[in-house]
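For reference, the structure discussed in these notes is given below.
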Amino acid sequence: MEFDHIALNVKNVRTAVQWYSQNTGATVEYEDDTWAMLKVGNTKIALTLSGQHPPHVAFRVESITDFPEGSEAKQHRDGSWYCYDTDDSGNVIEWVKYD
């Protein structure tokens, strides 16, 4: 398991991409009107709209069998598999498997 990204909800994805690019030197891996994936050094930041994804921390796993027991695997539009869970403090955790 490895840390994959942190996701932040933003009001406007395009303006948030500009802010992070200018202020952190982030490079854009993907961007549209509803979400973006940025890379800063060896770390990724997902910028999302609140109605689509919750703010979360994501961990990359080798197989969907590594997802928490009883969770429902879903597929992102990029083809990756994911599920959401919460830690004991209520923080949202995403488990993600890339093909």
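Give the carbon-plus-sulfur fraction of the accessible surface of the chain in %, rounded to a whole number; probe 1.4 Å, heavy atoms of protein chains only. Walk me through the intermediate numbers first.
Values: 2920 of 6110 Å².
Taking all protein chains in place, the chain shows 48 percent carbon and sulfur surface.
Using DSSP to call loops (not H, G, I, E or B), can you name the GluC sites (Glu not before Pro) in region 3-68 whose Cβ has at most 15 other Cβ atoms within 10 angstrom?
Hits after loop and neighbour filter: Glu62.
If contacts are Cα pairs under 8 angstrom and at least 6 residues apart, what is the relative contact order of region 1-85 in percent?
Values: 141 pairs, mean separation 26.8, N = 85.
So the answer I get is 32 percent.
Excluding the sites themselves, what is the longest stretch of the chain that contains no trypsin sites (Lys or Arg not before Pro) in a DSSP loop with at most 14 other C-beta atoms within 10 Å?
Answer - 12-76.
Sort 64-73, 47-56 by the packing proxy (mean of other Cβ within 10 Å over each peptide's residues), most packed first.
47-56, 64-73
Starting from 0.36 nm per residue, how many nanometres of slack lie between Asp33 and Phe59 once their C-alpha separation is accounted for?
This chain segment gains 6.9 nm when fully extended.
Rg/Rh for the chain: what does it come to with C-alpha atoms and Rh from Kirkwood? Don't jump to the answer; show the numbers that get you there.
Values: Rg = 13.5 Å, Rh = 14.0 Å.
Over the Cα atoms of the chain, Rg/Rh equals 0.97.
Which far-off residues, 5 or more places away or on another chain, put their amide H under 5 Å from the one on Glu29, with H placed in the peptide plane?
Hits under the 5 Å cutoff: Met37, Leu38, Lys39.
Subtract the Cα-Cα distance of Glu72 and Asn23 from 0.36 nm times their separation in residues, and report this length gain in nm to one decimal.
Using 0.36 nm per residue and subtracting the Cα-Cα distance, I get 13.9 nm.
Send over a whole-number figure in Å² for the accessible area per residue of the chain, probe 1.4 Å.
Per residue, the chain has 62 Å² of solvent-accessible surface.
On a 0 to 90 degree scale, rounded to 10, what angle separates helix 13-24 from the longest Cα axis of the chain?
Between helix and principal axis, roughly 80 degrees.
The values are calculated or read from the model by the stated rules, or taken from the named source; none is laboratory data. For clarity, every value in this text was computed on a predicted model and none was experimentally measured. When we count neighbours, we look across all protein chains shown, and the Cβ atoms used for this are built from the backbone with ideal geometry, even at glycine. Surface areas here come from the heavy atoms of the whole protein model, side chains and all, with no ligands, DNA or RNA. Shrake-Rupley method; radii C 1.70, N 1.55, O 1.52, S 1.80 Å.
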